[in-house]
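The values are calculated or read from the model by the stated rules, or taken from the named source; none is laboratory data. What you see is a predicted model, and the numbers here were worked out from it, not measured in a lab. As a convention, Cβ positions derive from the backbone with ideal geometry for all residues, glycine included, and neighbour counts pool all protein chains shown. Note: areas computed on protein heavy atoms with side chains; ligands, DNA, RNA excluded. Shrake-Rupley method; radii C 1.70, N 1.55, O 1.52, S 1.80 Å.
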Amino acid sequence: MPSERRQRGVWERTVWERLMVLFTVFVLLMVACGDGDDEEEGDESTTVTSTATDMSTTTTSTPTTTAETTTTRKAPTEQNVLVYFGTGDPDACEAVAPHERTVPATAEPIRAAFDELVGGPNAAEIADGAFSFFSNQTEGTVRSATVRGGQLVADFDDFRAVLTPAGANSSCGSAALLSELNSTAFQFGAVDSIRYELEGSCPDFGEWLQRDCIEITRAEWDEVVAGLLPGEPFEGILPPAAILGAIGVAVDDLLNVRALPGADQAILDSLDPLTTGLVHTGRARRLGPPTAVWYEVEVNGLVGWVHSRFVAPLSGVFDITSEVVDVVGEIPTGDTVGEIGEIVLEARSRFADPKPTGIVVDGPSAGDLHEITYDLIGFGDDSVLGERLHLFIAEEGGTFGLKSVEVTYLCARGAGGGTGLCP
């Protein structure tokens, strides 16, 4: 079955037909350029509801049957990193909060984050409650920030003369300083442990903070921050290292990966609706009210939190064309791609109680065949949350007909990343 979008071949029709095609494309392009934030209207009888990626908004998406417009995207010139500054709470020395900074796209992210951190909070961040011993007096003091074998070695110029009078080496001060450094470093999945140095000397850095040479692992730091995270620990049914995919995210929406659990936390990354390969760290938190569970995941080199409603282990891919045809009683046909999609969704949910919700997560697109992908979510099953339905649809003489359907099951549990069914 076709799995990639391909351009249509050269029309082998009369000159008049070619002129009509060119005119139609021109009209579609003019409509598409009118408002880049709105979906074009298609079959008005096929409307599917898209839940927000982290419970902050609700949108409605209507599938269209027009071909996608190809645009050229410019390479990004900037990227965002997070720096963690203290909250200034004397009763919680290690409490920090993330602050987003914009750096050049060409910058190495870990080094850029540390460079931003040692420059201290800006006026807006200070007004927002940020506190740090770092300031413009320590700006530019990062000598190197290099990861080798999972260990980040962060080496600084000797900034003791600036930070000691401010109290950075006191009991609470050192806890606050290390919390800012550790939190900034461990947002990056490549960092398994950290070693701190002053001009190449780890003992000098540790002695300054009344400690030995300071080396800390991610597991050790996780124990420290566990009591500082929002919500309460949640023993979920997903095992550590489970491979998850985004689910139920509408084609015109994104899945937010946040610095901490909660829809009001800083965004680390935003993922496309069909993103896979999110690795569950094994940590989960329950917030409320309303009750919501968040999973910590590693994705795109970052470690952050996603709402459990929008991720799940995925099964293998299976052809279910014959099952759909058997339920419908014939090969589904219709006037639009959306009409075919509606028939297939009804066939797959006919016997479900309660009725699941269909969400367009990809397409529609046109090549040799039209393609559209739905997530059908809300099955009352302790093994299967829903189905991802990838439809291939043929068009002939203005009539659309189902060619094939592939299903990927959205699992309620399991390790994911496999080729079989949900456990």
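Some observations on this one:
- Meets criteria (part of a strand (DSSP E or B) and open to solvent by 40 Å² or more (accessible area, probe 1.4 Å)) for L385: yes
- Within region 390-411, being in contact (Cβ under 8 Å) with a residue 60 or more places away in the chain and open to solvent by less than 10 Å² (accessible area, probe 1.4 Å) holds for F392, S404, V405, V407, L410, C411.
- Residue satisfying all of: in region 350-368; closer than 16 Å to V324 by Cβ and over 28 Å from the mean Cα position of the chain (by Cα); most open to solvent (accessible area, probe 1.4 Å) among these: F351
- Assessment of region 335-353 against the conditions (at pLDDT 95 or above and at positive phi) yields no matching residue.
- For region 90-107, filtering for residues that are exposed (fewer than 14 other Cβ atoms within 10 Å of the Cβ) and either in contact with a Leu (Cβ under 6 Å, 6 or more places away or on another chain) or assigned to a loop (DSSP other than H, G, I, E, B) (or both) leaves 4.
- Considering (1) under 14 Å from G245 (Cβ atoms); (2) free of Cβ contacts under 8 Å to residues at least 40 places away in the same chain; (3) among the small types (G, A, S), the lone condition that G378 does not fulfil carries the number (1).
- Pair list, Cβ under 7 Å, 6 or more apart: region 325-351 residue among the charged types (D, E, K, R), other residue open to solvent by 30 Å² or more (accessible area, probe 1.4 Å) and assigned to a helix (DSSP H, G or I): R350/V327
- Once region 240-265 is narrowed to residues that are open to solvent by 10 Å² or more (accessible area, probe 1.4 Å) and outside any loop (DSSP other than H, G, I, E, B), the residue that is farthest from P98 (Cα to Cα) is I243.
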